[in-house]
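J.: Handing you this structure, nothing more for now.
Derivation of every value follows stated rules applied to the coordinates shown; laboratory data play no part. Remember, predicted model here, so these are calculated numbers, not experimental data. Don't worry about glycine lacking a Cβ; one is built from the backbone with ideal geometry, like all the others, and counts go over all protein chains shown.
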């Protein structure tokens with residue numbers, strides 16, 4: 001499998017584990033060491049290290065159940081044994097009895113050992129107060 005396909009496979013592995021609420025499989029997408037980090041969409045979702053990353057995902061699992069990750073635009077940059085993925089997606093989930101669709105933007109940094117592993121994932125939502133063509137939101 002070429003590198004781009006292998007990297008895309010890690011996205012699917014993450015999505016499948018997240019939807020299954022399988023914390024062990026989800027953490028297996030990340031590098032085995034403690035040098036990993038995640039930034040989520042919540043103001044307090046800044047974490048580093050396996051323990052903190054795992055806690056964040058377990059909190060997410062408690063709050064909602066994801067049913068599907070729908071991939072959209074993507075760009076993958078590979079430089080020898082490192083890569084960056086920029087991707088937009090929609091997460092379909094159930095939260096407090098409601099079906100929601102959440103548009104997200106991700107950046108994922110990966111390293112390659114025997115396989116491609118994540119070392120960082122950043123998630124964001126587009127600023128609702130920022131109109132198309134504007135560089136900054138109206139309210140900061």
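J.: Describe numerically, in nm with one decimal, the distance between label points set 7 Å from Cα along Cα→Cβ at residue 95 and at residue 34.
T.: According to this spin-label approximation, the distance is 3.2 nm.
J.: Calculated from DSSP H runs of 4 or more alone, at -39500 (n - 2.57) each and per residue, what is the 222 nm mean residue ellipticity of the chain, nearest 500?
T.: Working: 3 runs with 38 residues, N = 140.
Value at 222 nm, helices only: -8500 deg cm²/dmol.
J.: Please list, by residue number, everything in segment 99-134 whose backbone N is under 12 Å from a paramagnetic label point 7 Å out along Cα→Cβ of residue 44.
T.: none
J.: Same structure, new question: In nanometres, what is the gap between the two model label sites at residue 20 and residue 6, each 7 Å from Cα along Cα-to-Cβ?
T.: 2.2 nm
J.: Another question about this same structure. Let me know the volume per residue of the alpha-carbon convex hull for segment 3-124, in Å³. Numbers along the way, then the final one.
T.: Values: hull volume 11.6 nm³, N = 122.
In segment 3-124, the Cα convex hull volume per residue is 95 Å³.
J.: Gain in length, residue 82 to residue 64, computed as 0.36 nm per residue apart minus the alpha-carbon separation, to one decimal in nm?
T.: Details: separation 18, 0.36 × 18 = 6.48 nm, distance 3.21 nm.
Fully extending the segment from residue 82 to residue 64 adds 3.3 nm.
J.: Provide the gained length on full extension for the span residue 124 to residue 109, in nm with one decimal, where the gain is 0.36 nm per separating residue minus the Cα-Cα distance. Don't skip to the end; give the middle numbers.
T.: On the way: separation 15, 0.36 × 15 = 5.40 nm, distance 1.49 nm.
Value of the extension gain: 3.9 nm.
J.: Expressed as a rounded percentage, what relative contact order does the chain have, with Cα pairs under 8 Å and six or more residues apart? Could you put the intermediate results ahead of the total?
T.: Values: 238 pairs, mean separation 28.1, N = 140.
It comes to 20 percent, rounded to a whole number.
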